[in-house]
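Note sheet for the following structure.
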Amino acid sequence: MASFWIFSIQLLLLISVASASHFTAGTVRVVPKEKHLNGSIKVDIYFRQTYGSCNHYFGDWRCLNGNCGKISEAKEGVIDSSTNAAPNTNGWCETEEVQSRYYPNDDSFDLRKASCCWIPTVNLQGSWRLFTHVDLRERSDNWQANGSPNNAIMPFLRVPSNCPRSYHLMTDDPDGDRVICRYGTILNRECATCNQPQGFELDERNCVLHYRSTSYTGTYGFELVLEDFPRTTISLISTNGTSTQRLPLPSNRNKRSIFGNLVLPYIGATAGPTTTTAGPTTTTASPTTTTAGPTTTTAGLTTTTAGPTTTPYQTYPSKPYPTPLSQIPLQFSVLVDSPAPSCTEGEYLPRFVHPTPSHGDHLNAQVNEEFEITVKAVAQYSKVGDIIFTGPLGTTKHRIERGEFYLRWTPTLHQFGDQVPICFIAEAAFSYQQLQSEMRCVWVHVEHAKAHVICNETSMTVELEKAAFKGLDEDHLRLNDPGSTACRLHSNSTHVIGFIPLNECGTMIKEDDENLLFSNEITTFEDVRDIVTRKHLLEVQFSCQYPKRGNVSLGFTVHRDNQTITEKGFGTFTYNFEFYPDIHFDTMINPHFYPLDYEVGDKIYMQIDATTSINNTVLFVESCSASPYDNPNYQPTYPIIENGCVQDSTVVLYPPSHNKQFRFSIDAFKFIGLHDQVYISCSVILCEAGNPNTRCSRGCLPTNPIGRRRRSAVIETGAHFISQGPLRLQSTPENKSSVTGLNLNMAFIAGCLLAAIAMICGVMIHKFKRAAVRYQPLSSIEQ
């Protein structure tokens, strides 16, 4: 009878523990917003926790030390949830409360939230603690309020037991401090049990968690702490004038070791009925003792009881250890699952593919405009069913098709200037097993600038409201490449305006099967004398998209006009760049015949002329290259002439009729990939004839000179970019142009067949020499 009552009590304990076991993850993010002259400061605090349900009370954060401020505004909501969760749970739900707090001064303060209980874990977590230390005092290195590390991680991760994996934890610091991720070590403050899971290795300095292998499947709870340290010694200065020094992290600090803790699996983690009893065990690792109370878990009719234990945990090294600027909790759960049939991503484990952003990418979003991320994953033998994510409140998930999703979010004005992390994981199912992809996280920078873009046939016009960048000098705004006068921004009373040619100002080109995307951006520079900057106070990206086929007639697909330039000392002069049908250079090809059709291997005859009223001048072609588009910044390009030196072996130079003329030819070729057109672009200079100090006189320079000698305006001009084209493959023999010869597509296909036959013969008979390759293949753009 007594045994019956004991069993009943154990069953009641089991039910009560199981019903209370709900905590899965938790972290905090602190963002200083406004600081006033009297030392008061407004701060946004993001409290993020994950439990077994979406119904949880947020308001039990306690103030342990200092003035923890007054809540002026708060909102809460659900980020994401899933039923693909740990064993013996109904699922997980990540929620967040955002508090705007007003602090009367800028001193440090401590917050803590604590309760019971973790979901059942192999390392017997039991209760949990979330401790946060924040210091808002002014820093002596940048005279700004100190900021805490920014972080994000998926609350629930799962990995097959046979597949090693690395999780790059998303951390950053607004002040550029060094951030480390370590296990919690102070009992009942940074951690509840301070157990370190077996089978995992934490790279503290790089914040990477490596899963190697473990003896037990099941869920492991992680109690980590993020700390930031200045790069050099600084002072934290209060408004009242008092200050405290903070030291950098020693470079020779030893990595904390990974202790092999006493870990008992909860029942249900291993296959088959098993009965295990762990009696009282004592292991000494420090003077602190942690007691794991009676824990009862069943799988079928199996019962395991873990008696009182003393659990070893990490301690600080005996040598001096600097005080961190901040301490931020980062706690989450990892399920070590049953083995996968294969650990190769893309077979059973989902693999991310284009256009999914890469881990650590920095993206831009604008206030009150919808921001979108496309996430796409594939798996050959399993079915990609969903993605899970963590991000700001209001983020929504939309399925496009199997394995492809949108994540959408609209930032508010209150979030202007924030750097917001978003993480995501793809999930797939194979038989009864759930499989996860790697975790990827991105940073999203919230901007306030709005730009209106008008897309023309040959240019983009962008208009930026001045009200969008109050406090910034409009004279310190620039495009990607503001080199020429055509690339300078102008302004009126309300807007900054830019007129950007499609082939100038650093405009970049991207393409897919159907469209061309021309993009540029407006950014700030702090000093007109600076060459580089590592902090943009404003960054406005804009673009225009054009279909490759259709009724749109784009200016960059027709013959380019002559280029007229005015320079001090040389007056007004004109460059003419034309194609000719033969070696005689008698009559240029009529512009109405453009684009010109050539067959691979045909001779392309070109002539560059400079027309100027100033005598005693000479033309010098410093470089020429071929590109699929009429854009000097497009990559890849094929070099024809570099630094005055011929690069392509098929180039032939012909005697000019005067000093301001350059004639040459090259054998026609095609870019590998989708490109069926070629532009020839050259950089040219006019110089005083006979002067040995000019670039023209120096001729071919095999190595690129370091820098350029300051030129005198009376002996040579600047380098000018000119281009002509396009040249393209002829689609059919019937469409053969009167200017050029045979159909290039047929020749190209025949060439490929001959190349294939040659390769086969080369495999069979090793005595044949490989044919010389005239052009180096260029990689096509990633699709």
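If you take the residues of region 660-670 that are of a type outside the set (D, E, K, R) and free of Cβ contacts under 8 Å to residues at least 60 places away in the same chain, which of them is most open to solvent (accessible area, probe 1.4 Å)?
Kept after step one, since they are of a type outside the set (D, E, K, R), are these residues of region 660-670: 661-662, 664-666, 668-669.
Next cut, free of Cβ contacts under 8 Å to residues at least 60 places away in the same chain only: 661-662, 664.
Numbers: Gln661: 15, Phe662: 43, Phe664: 0 Å².
Filtering first and then ranking leaves Phe662.
Do any residues in region 583-606 that are over 19 Å from Phe671 (Cα atoms) have Cβ atoms under 7 Å from those of residues that are part of a loop (DSSP other than H, G, I, E, B) and among the small types (Gly, Ala, Ser), where the two are at least six apart or on different chains, and which pairs are they?
Close Cβ pairs satisfying both conditions: Phe593/Ser737.
What are the pairs, 6+ residues apart or on separate chains, where a residue within region 642-659 that is closer than 15 Å to Val684 by Cβ and buried (at least 17 other Cβ atoms within 10 Å of the Cβ) has its Cβ under 9 Å from a residue that is modelled with pLDDT under 90 and among the basic types (Lys, Arg)?
Gly644/Arg695; Gly644/Arg698
Working only within region 125-140, note down all residues that are part of a loop (DSSP other than H, G, I, E, B) and at pLDDT 90 or above. Outline the logic, then answer.
The initial filter retains those residues of region 125-140 that are part of a loop (DSSP other than H, G, I, E, B), namely 125-126, 135-137, 140.
Within region 125-140, Asp135, Leu136, Arg137, Ser140 qualify.
Determine which single condition Val375 fails, assuming it passes every other condition in (1) in a strand (DSSP E or B); (2) modelled with pLDDT of 95 or more; (3) more than 30 Å from Asn520 (Cα to Cα).
So the condition that Val375 fails would be (3).
Do we have any residue at all in region 209-222 that's among the charged types (D, E, K, R), open to solvent by less than 70 Å² (accessible area, probe 1.4 Å), closer than 26 Å to Asn151 by Cβ and modelled with pLDDT under 95? It would help to see each step written out before you state the result.
Step one: of region 209-222, the residues among the charged types (D, E, K, R) are 212.
Filter once more, keeping what is open to solvent by less than 70 Å² (accessible area, probe 1.4 Å): none.
Scanning region 209-222, I find no residue that is among the charged types (D, E, K, R), open to solvent by less than 70 Å² (accessible area, probe 1.4 Å), closer than 26 Å to Asn151 by Cβ and modelled with pLDDT under 95, so the answer is no.
Can you go through Glu427, Glu438, Glu401 and tell me which one is out of contact with any Phe, Trp or Tyr (no Cβ under 9 Å at 6 or more places or on another chain) and modelled with pLDDT of 95 or more? Show your work before the answer.
Numbers: Glu438 fails: out of contact with any Phe, Trp or Tyr (no Cβ under 9 Å at 6 or more places or on another chain); Glu401 fails: modelled with pLDDT of 95 or more.
Selected residue: Glu427, the only one of Glu427, Glu438, Glu401 that is out of contact with any Phe, Trp or Tyr (no Cβ under 9 Å at 6 or more places or on another chain) and modelled with pLDDT of 95 or more.
Residue-by-condition table, conditions (1) touching a Cys at 6+ places or on another chain (Cβ under 7 Å); (2) open to solvent by 40 Å² or more (accessible area, probe 1.4 Å); (3) within 27 Å of Val159 (Cβ to Cβ); (4) of a type outside the set (A, V, I, L, M, F, W, C):
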position	(1), (2), (3), (4)
Asp44	no, no, no, yes
Tyr51	yes, no, yes, yes
Asn55	no, yes, no, yes
Asn88	no, yes, yes, yes
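Filter region 352-395 down to the residues that are open to solvent by 40 Å² or more (accessible area, probe 1.4 Å), closer than 15 Å to Glu427 by Cα and among the polar types (S, T, N, Q) and list them by number.
Listed by number, the list holds a single entry, Gln380.
From the list Ser326, Ser333, Ser338, which one is touching a His at 6+ places or on another chain (Cβ under 7 Å), of a type in the set (Gly, Ala, Ser) and under 25 Å from Thr50 (Cα atoms)?
On the way: Ser333 fails: touching a His at 6+ places or on another chain (Cβ under 7 Å); Ser338 fails: touching a His at 6+ places or on another chain (Cβ under 7 Å).
Selected residue: Ser326, the only one of Ser326, Ser333, Ser338 that is touching a His at 6+ places or on another chain (Cβ under 7 Å), of a type in the set (Gly, Ala, Ser) and under 25 Å from Thr50 (Cα atoms).
Give the residues of region 602-624 that are open to solvent by 30 Å² or more (accessible area, probe 1.4 Å) and of a type outside the set (Asp, Glu), sorted by residue number.
Here is the first cut: in region 602-624, the residues open to solvent by 30 Å² or more (accessible area, probe 1.4 Å) are 602-603, 605, 611, 613-616, 618, 623.
Lys603, Tyr605, Thr611, Ser613, Ile614, Asn615, Asn616, Val618, Ser623, listed by residue number.
Scan region 152-163 and tell me whether some residue there is part of a strand (DSSP E or B) and closer than 16 Å to Cys68 by Cβ. Lay out the reasoning, then the answer.
First, pick out the residues of region 152-163 that are part of a strand (DSSP E or B): 152, 156-160.
Checking the rest, the ones that are also closer than 16 Å to Cys68 by Cβ come to none.
There is no residue in region 152-163 that is part of a strand (DSSP E or B) and closer than 16 Å to Cys68 by Cβ.
Anything in region 24-68 that is in contact with a Phe, Trp or Tyr (Cβ under 7 Å, 6 or more places away or on another chain), farther than 16 Å from Asp106 by Cα and not in a strand (DSSP E or B)? List them, or say none.
The answer is Thr24, Gly52, Phe58, Trp61.
Any chance you could count how many residues in region 436-457 are in contact with a Cys (Cβ under 9 Å, 6 or more places away or on another chain) and open to solvent by less than 60 Å² (accessible area, probe 1.4 Å)? I'd like the intermediate steps shown before the answer.
Kept after step one, since they are in contact with a Cys (Cβ under 9 Å, 6 or more places away or on another chain), are these residues of region 436-457: 439-442, 453-456.
Now narrow it down to the ones that are open to solvent by less than 60 Å² (accessible area, probe 1.4 Å): 439-442, 453, 456.
Counting residues in region 436-457 that are in contact with a Cys (Cβ under 9 Å, 6 or more places away or on another chain) and open to solvent by less than 60 Å² (accessible area, probe 1.4 Å) gives 6.
(1) crowded, with 24+ Cβ neighbours inside 10 Å; (2) at pLDDT 90 or above; (3) closer than 25 Å to Cys441 by Cβ: which one isn't true of Ser166, the others all being true?
All conditions pass for Ser166, except number (1).
Find the strands (runs of 3 or more DSSP E) located wholly in region 532-622 whose residues include 2 or more that are modelled with pLDDT of 80 or more and either more than 18 Å from Ala719 (Cβ to Cβ) or in contact with a Ser or Thr (Cβ under 8 Å, 6 or more places away or on another chain) (or both), and list them. Before you say what the answer is, go through the steps one by one.
Working: elements: 539-547, 563-567, 571-580, 596-598, 603-612.
Of the strands (runs of 3 or more DSSP E) lying wholly inside region 532-622, those with at least 2 residues that are modelled with pLDDT of 80 or more and either more than 18 Å from Ala719 (Cβ to Cβ) or in contact with a Ser or Thr (Cβ under 8 Å, 6 or more places away or on another chain) (or both) span 539-547, 571-580, 596-598, 603-612.
Testing Asp80 on (1) surrounded by fewer than 17 Cβ atoms within 10 Å (Cβ to Cβ); (2) modelled with pLDDT of 90 or more; (3) charged (D, E, K, R), one condition comes back false. Which one is that?
Of the numbered conditions (1) surrounded by fewer than 17 Cβ atoms within 10 Å (Cβ to Cβ); (2) modelled with pLDDT of 90 or more; (3) charged (D, E, K, R), the odd one out for Asp80 is (1).
Quick one: in region 104-116, which of the residues that are of a type outside the set (Gly, Ala, Ser) and at pLDDT below 90 is farthest from Val30 (Cα to Cα)? It would help to see each step written out before you state the result.
Filtering region 104-116 for residues of a type outside the set (Gly, Ala, Ser) gives 104-107, 109-113, 116.
From what's left, at pLDDT below 90: 104-107, 116.
On the way: Pro104: 17, Asn105: 16, Asp106: 14, Asp107: 14, Cys116: 24 Å.
My answer is Cys116.
Can you list residue pairs whose Cβ atoms sit under 7 Å apart, with the first residue in region 128-141 being closer than 19 Å to Trp118 by Cα and the second being surrounded by fewer than 24 Cβ atoms within 10 Å (Cβ to Cβ) and among the hydroxyl-bearing types (Ser, Thr, Tyr)? Count only pairs 6 or more apart in sequence or on different chains.
Trp128/Ser115
Quickly run through region 675-696 and pick out the residues that are within 22 Å of Asn576 (Cα to Cα) and either at pLDDT below 65 or assigned to a helix (DSSP H, G or I) (or both).
If the condition is that a residue be within 22 Å of Asn576 (Cα to Cα) and either at pLDDT below 65 or assigned to a helix (DSSP H, G or I) (or both), then Arg695, Cys696 are the ones that fit.
Output the residue which, of all residues in region 396-423 that are of a type in the set (A, V, I, L, M, F, W, C) and buried (at least 19 other Cβ atoms within 10 Å of the Cβ), is nearest to Pro32 (Cα to Cα). Steps first, answer last, please.
Within region 396-423, the subset of a type in the set (A, V, I, L, M, F, W, C) is 400, 405, 407, 409, 413, 416, 420, 422-423.
Checking which are buried (at least 19 other Cβ atoms within 10 Å of the Cβ) leaves us with 405, 407, 409, 420, 422-423.
Values: Phe405: 33, Leu407: 27, Trp409: 22, Val420: 14, Ile422: 20, Cys423: 22 Å.
Among those residues, the one meeting the criterion is Val420.
Hey, can you tell me all the residues within region 387-404 that are touching a residue at least 24 places away in the same chain (Cβ under 8 Å), closer than 24 Å to Thr50 by Cα, in a strand (DSSP E or B) and not aliphatic (A, V, I, L, M)?
Answer for region 387-404, where residues must be touching a residue at least 24 places away in the same chain (Cβ under 8 Å), closer than 24 Å to Thr50 by Cα, in a strand (DSSP E or B) and not aliphatic (A, V, I, L, M): Phe389, Thr390, Lys397.
The values are calculated or read from the model by the stated rules, or taken from the named source; none is laboratory data. All values reported here derive from a predicted model rather than from experimental measurement. All Cβ positions, even for glycine, are placed from backbone atoms using ideal geometry, and neighbour counts span all protein chains on display. Note: areas computed on protein heavy atoms with side chains; ligands, DNA, RNA excluded. Shrake-Rupley method; radii C 1.70, N 1.55, O 1.52, S 1.80 Å.
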